[in-house]
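Only one structure is covered here, and it is reproduced in the block below.
The values are calculated or read from the model by the stated rules, or taken from the named source; none is laboratory data. The model shown is predicted, which means the values in this text are computed figures rather than measured ones. FYI the Cβ positions are ideal-geometry reconstructions off the backbone, even for glycines, and counts take in every protein chain you see. All accessible areas refer to the heavy atoms of the entire protein, side chains included, with ligands and DNA or RNA removed. Shrake-Rupley method; radii C 1.70, N 1.55, O 1.52, S 1.80 Å.
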Number of protein chains: 2
Amino acid sequence: MSEYRHTCMIRGDGGRVIRAILDRICNKWTLLVVATLDQGSVRFTDLQRQIPGISQRMLTLTLRNLERDGLVSRTVHAEVPPRVEYALTPTGKSLIPPALALAGWATEHVPHIEASREAYEAKG
Amino acid sequence: MSEYRHTCMIRGDGGRVIRAILDRICNKWTLLVVATLDQGSVRFTDLQRQIPGISQRMLTLTLRNLERDGLVSRTVHAEVPPRVEYALTPTGKSLIPPALALAGWATEHVPHIEASREAYEAKG
DNA sequence: CTGTATCCAACGGGATACTG
DNA sequence: CAGTATCCCGTTGGATACAG
């Protein structure tokens, strides 16, 4: 059965609702950072070590944006050397289930999609 | 309770799984086009009319990518003037539930996020 | 350890004009 | 009607160097 009557949640307001979230989480690193923080409080260097390929710059930028949007909390401990711990806020945690839904879909369908891609390239 | 034991679906393979889907659906128009096609078979011009702000170029590109990935079917009717109808494939339809999960999250949390943004800007 | 600053290449995407 | 072709600009993000 069609779910058309529900897709207004996506299309609503000329797409402004879905765009609001896309603008925030649809970049190269945000979802990976959020997923990594789901284990609890993690410090900067540990995050960088657990997320292969991310640069200091992009980790900083991603964390700042998440903090600014209230999805991640940042705690500075007055020590030497400095220790900064990042953790998901309740809002941040609430993003995990929909993110998992997406990841589940990807896990299930990406193989078929890749096959379709190759077939498409083959015939032109 | 933490869902950490599940987030491997997001982080798995160094993030390649989640990246695979992000690369395909996280652009300005894809989710809107998919949601619009959930009503059934729609022709090019109708799509453009129902998706405010999309240009011919971007609608074409988005549809081509979706077709190439096997999420959308394209049917050309041999008439004059030409009539082309686009529709979701089963794989395309399967994307609707996770997309709705995301949209639901957005609807629920975006107000709080925007407030957090403004507070962040205010204090610097 | 936890960042900032700068430079730069690649890409997405808008505007516009043209076509079978 | 349903596209294609070109131009062009803003943003994203990588590399690198520097700093508190």
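Numbers for the structure displayed
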quantity	calculated
In the range B:78-107, the residues that are free of Cβ contacts under 8 Å to residues at least 24 places away in the same chain, more than 10 Å from DNA strand D (Cβ to nearest atom), more than 18 Å from A:E118 (Cα to Cα) and outside any helix (DSSP H, G or I)	B:A78
Qualifying residue in the range A:98-117 (condition: basic (K, R) and at pLDDT 95 or above)	no
All positions within the range A:35-49 that are facing chain B (nearest Cβ under 8 Å) and in a helix (DSSP H, G or I)	A:A35, A:T36
Unique residue being outside any helix (DSSP H, G or I) and more than 9 Å from DNA strand D (Cβ to nearest atom) when the list is B:T62, B:T75	B:T75
Test: residue in the range B:37-48 that is within 22 Å of A:S94 (Cβ to Cβ) and either near DNA strand D (Cβ under 10 Å from one of its atoms) or among the aliphatic types (A, V, I, L, M) (or both)	no
Residues that are in a helix (DSSP H, G or I) and modelled with pLDDT under 95, drawn from the range A:16-34	A:R16, A:V17, A:I18, A:R19, A:A20, A:I21, A:L22, A:D23, A:R24, A:I25
Scan of the range A:57-93 for residues that are open to solvent by less than 10 Å² (accessible area, probe 1.4 Å) and of a type in the set (D, E), ordered by number	A:D69
Selection count, the range A:27-38, where residues are touching a helix residue (DSSP H, G or I) at 6+ places or on another chain (Cβ under 6 Å) and within 14 Å of B:C26 (Cα to Cα)	3
Any pair with Cβ under 7 angstrom, 6 or more apart, that starts in the range A:14-31 at a residue that is of a type in the set (G, A, S) and ends at one that is open to solvent by 40 Å² or more (accessible area, probe 1.4 Å)	A:G14/B:P52
One residue from B:I25, B:I54, B:I96 being within 7 Å of chain A (Cβ to nearest Cβ) and open to solvent by less than 20 Å² (accessible area, probe 1.4 Å)	B:I96
